[in-house]
Amino acid sequence: MELTLSIPALLFPAISLTMLAYNARYLAIAALIRQLHKQYTEKENMRIIRQIKLLRKRLYLIRNMQAAAILSFLGAVTTMGLLYINAGYWAHVVFGVSLVALLISLVLSLVEVQLSTKALSLQLSNVKEQEIKA
């Protein structure tokens, strides 16, 4: 397969949008953690503790998602540099690593979405309990 400058350049918009989405998730979770922390200091509640534990796991995943996406972005840039100086073999190797890093980032994103759904279900369990009592 011939690797040209345009191939790693195609990853730029995808990786940039992915990182933007990850950053938005991070900011939303940070705001939620602050809110839950405030609620917890006012009234200790096991449901809040469980939510905070899930949020802590999600923050860990998002940090690693972002790190993998950045590694992928750096790999794409390095690939372009290697192609520019006609180091084709190393360009292929670095581009492969870049693709693997992007794949890891996406898999971590899938796991984080699953945890997010679990956290929402935990939040909605409170509503179900109140409906049963009514």
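The values are calculated or read from the model by the stated rules, or taken from the named source; none is laboratory data. Remember, predicted model here, so these are calculated numbers, not experimental data. Cβ sites come from the backbone with ideal geometry, for glycine too, and all protein chains shown count toward neighbours. Each accessible area value is taken on the protein alone, full model and side chains, heavy atoms only, with ligands, DNA and RNA left out. Shrake-Rupley method; radii C 1.70, N 1.55, O 1.52, S 1.80 Å.
Assorted remarks:
- Test: residue in segment 11-26 that is over 12 Å from the mean Cα position of the chain (by Cα), charged (D, E, K, R) and within 15 Å of Leu120 (Cα to Cα): no
- Test: residue in segment 46-54 that is part of a loop (DSSP other than H, G, I, E, B) and more than 28 Å from Ala67 (Cβ to Cβ): no
- Subset of segment 74-92 (residues that are loosely packed, with under 14 Cβ neighbours inside 10 Å and among the hydrophobic types (A, V, I, L, M, F, W, C)): Ile85
- Near pairs, Cβ below 7 angstrom, 6+ apart or cross-chain, from segment 59-88 (more than 15 Å from Asn23 (Cα to Cα)) to any residue that is charged (D, E, K, R): none
- Some residue of segment 70-79 being more than 21 Å from the chain's Cα centre (by Cα) and in a helix (DSSP H, G or I): yes
- Some residue of segment 96-108 being open to solvent by 60 Å² or more (accessible area, probe 1.4 Å) and farther than 30 Å from Phe12 by Cα: no
- Residues considered: Gln114, Gln35. Of these, the only one that is without any contact (Cβ under 8 Å) to a residue 40 or more places away in the chain, polar (S, T, N, Q), closer than 23 Å to Ala14 by Cβ and out of contact with any helix residue (DSSP H, G or I) (no Cβ under 8 Å at 6 or more places or on another chain) is Gln114.
- Looking only at residues in segment 1-16 that are modelled with pLDDT of 85 or more and within 17 Å of Trp90 (Cα to Cα), the one that is surrounded by the most Cβ atoms within 10 Å (Cβ to Cβ) is Pro8.
- Residues considered: Lys53, Lys57. Of these, the only one that is open to solvent by 60 Å² or more (accessible area, probe 1.4 Å) and at pLDDT 90 or above is Lys57.
- Of all residues in segment 18-50, those satisfying the criterion of being open to solvent by 90 Å² or more (accessible area, probe 1.4 Å), at pLDDT 90 or above and closer than 28 Å to Val107 by Cβ are Leu20, Tyr26, Leu27.
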